[in-house]
Amino acid sequence: MHVFDLLFGKQHSFAERSLYTTIEVGIRYFLFAGIAWFLGYKLFRTRWLHRKIIARFPESAEVRRELGYSLLTLVIFGIMGAATVTASRAGYTQMYWKFSDHSRAWFFASVACAIVVHDTYFYWTHRLMHHRRLFAVFHRVHHLSTNPSPWAAYSFAPAEAVVEAGIFPVVALVMPIHPAAFGLVMLWQIVFNVAGHTGYEFHPRWLMKTPLRFLLNTPTNHVMHHEKMRGNYGLYFNVWDRLMGTNHPEYESRFTEVTSRPIPAARV
Ligand SMILES: [Zn+2]
Ligand SMILES: [Zn+2]
């Protein structure tokens, strides 16, 4: 599950594992959200403005709230990660530590499988958390961001953070996976997650004219989810939203509008 466990072996207490996993998840979060923040909100704020899905930028109070909840999420992810590693060390999951236990091909295939499992897990738990009886406790905090910044990537209520971290044991239970492969999945996760909340559409306009639109999700899709509250529940792929008919009716036209805006003459 976490790099420290890989490096230093299995002689860790639960508290140490929780701390190490929190640090690892935190490094990924601050690194990627920080890069996105620096590029999109500082360095290229003017240059990229024509691709900003919502033209205004979030207030600093909103960003502070997103950061605060994300810090809490890091700790919850740390504890849930440590619990998964502890259970795995005791032989309760299919996680394996010796590379030689499975083929190199499976190592990479397990990354792809875990990404598909996570996409499915996210879509259905996300829809569930939109149920009116569950929304307030689980998902309202994430939707306080109606114009999210990259720091919203982990802005969850504690109850939602537990649900999101549920993917750790789910993946470890359903397939043999090496902690390093899981690390690659988490890398993929943070890149998509941060990109979806940064608020810029970086895909080319032609994406919506090709079958790739059925597969790939876009930042426009997720920003619209924050803006409209309904529709667009997917994470990495647009497959479940297409299959279940849950894309927002204006999703494709909004994408085309954002990606068709001219680059202001001063910046050509
Ligand atoms: Zn939602
Ligand atoms: Zn979101």
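Of the residues Val223, Val194, only one is closer than 23 Å to Phe44 by Cα, crowded, with 22+ Cβ neighbours inside 10 Å and within 14 Å of ligand 1 (Cβ to nearest atom); which?
Every option except Val223 fails the conditions.
If you scan segment 131-180, which residues turn out to be surrounded by fewer than 20 Cβ atoms within 10 Å (Cβ to Cβ), assigned to a loop (DSSP other than H, G, I, E, B) and not hydroxyl-bearing (Ser, Thr, Tyr)?
His131, Arg132, Arg133, Leu134, Arg140, Asn147, Gly166, Met175, Pro176, listed by residue number.
Any idea which residue in segment 193-233 is nearest to the chain's Cα centre (by Cα), counting only those that are more than 11 Å from ligand 2 (Cβ to nearest atom), under 17 Å from Thr120 (Cβ atoms) and not in a loop (DSSP other than H, G, I, E, B)?
That would be Leu216.
Can you give me the ranges of the helices (runs of 4 or more DSSP H) entirely in segment 1-108 with at least 2 residues that are loosely packed, with under 15 Cβ neighbours inside 10 Å and modelled with pLDDT of 95 or more? Quick ask: steps written out before the conclusion?
On the way: elements: 3-8, 14-37, 60-89.
The qualifying helices (runs of 4 or more DSSP H) are 14-37, 60-89.
Can you pull out every residue in segment 247-261 that is surrounded by fewer than 17 Cβ atoms within 10 Å (Cβ to Cβ) and assigned to a loop (DSSP other than H, G, I, E, B)?
If the condition is that a residue be surrounded by fewer than 17 Cβ atoms within 10 Å (Cβ to Cβ) and assigned to a loop (DSSP other than H, G, I, E, B), then Pro249, Glu250, Arg261 are the ones that fit.
Would you call Pro150 farther than 30 Å from Ala55 by Cβ and either within 16 Å of ligand 2 (Cβ to nearest atom) or not hydroxyl-bearing (Ser, Thr, Tyr) (or both)?
For Pro150, the condition - farther than 30 Å from Ala55 by Cβ and either within 16 Å of ligand 2 (Cβ to nearest atom) or not hydroxyl-bearing (Ser, Thr, Tyr) (or both) - is not met.
Looking at (1) more than 22 Å from the chain's Cα centre (by Cα); (2) within 16 Å of ligand 1 (Cβ to nearest atom); (3) in a helix (DSSP H, G or I), find the lone condition where Leu128 falls short.
Single failed check for Leu128: (1).
Just to be sure before I move on: is Tyr123 in contact (Cβ under 8 Å) with a residue 24 or more places away in the chain and closer than 16 Å to Trp240 by Cα in the structure I sent? Show your work before the answer.
Values: in contact (Cβ under 8 Å) with a residue 24 or more places away in the chain: yes; closer than 16 Å to Trp240 by Cα: yes.
Spelling it out, Tyr123 is indeed in contact (Cβ under 8 Å) with a residue 24 or more places away in the chain and closer than 16 Å to Trp240 by Cα.
Has segment 257-266 got any residue that is within 12 Å of ligand 1 (Cβ to nearest atom) and over 14 Å from His197 (Cα atoms)?
Checking segment 257-266: not a single residue is within 12 Å of ligand 1 (Cβ to nearest atom) and over 14 Å from His197 (Cα atoms).
Report yes if some residue within segment 200-218 is farther than 22 Å from Glu164 by Cα, surrounded by fewer than 19 Cβ atoms within 10 Å (Cβ to Cβ), charged (D, E, K, R) and touching a residue at least 12 places away in the same chain (Cβ under 8 Å); otherwise report no.
Yes, segment 200-218 contains a residue that is farther than 22 Å from Glu164 by Cα, surrounded by fewer than 19 Cβ atoms within 10 Å (Cβ to Cβ), charged (D, E, K, R) and touching a residue at least 12 places away in the same chain (Cβ under 8 Å).
The values are calculated or read from the model by the stated rules, or taken from the named source; none is laboratory data. Predicted model, so just to flag it, every value in this text is computed and none were measured. Note that each Cβ is placed from the backbone with ideal geometry, even for glycine, and that neighbours are counted across all protein chains shown.
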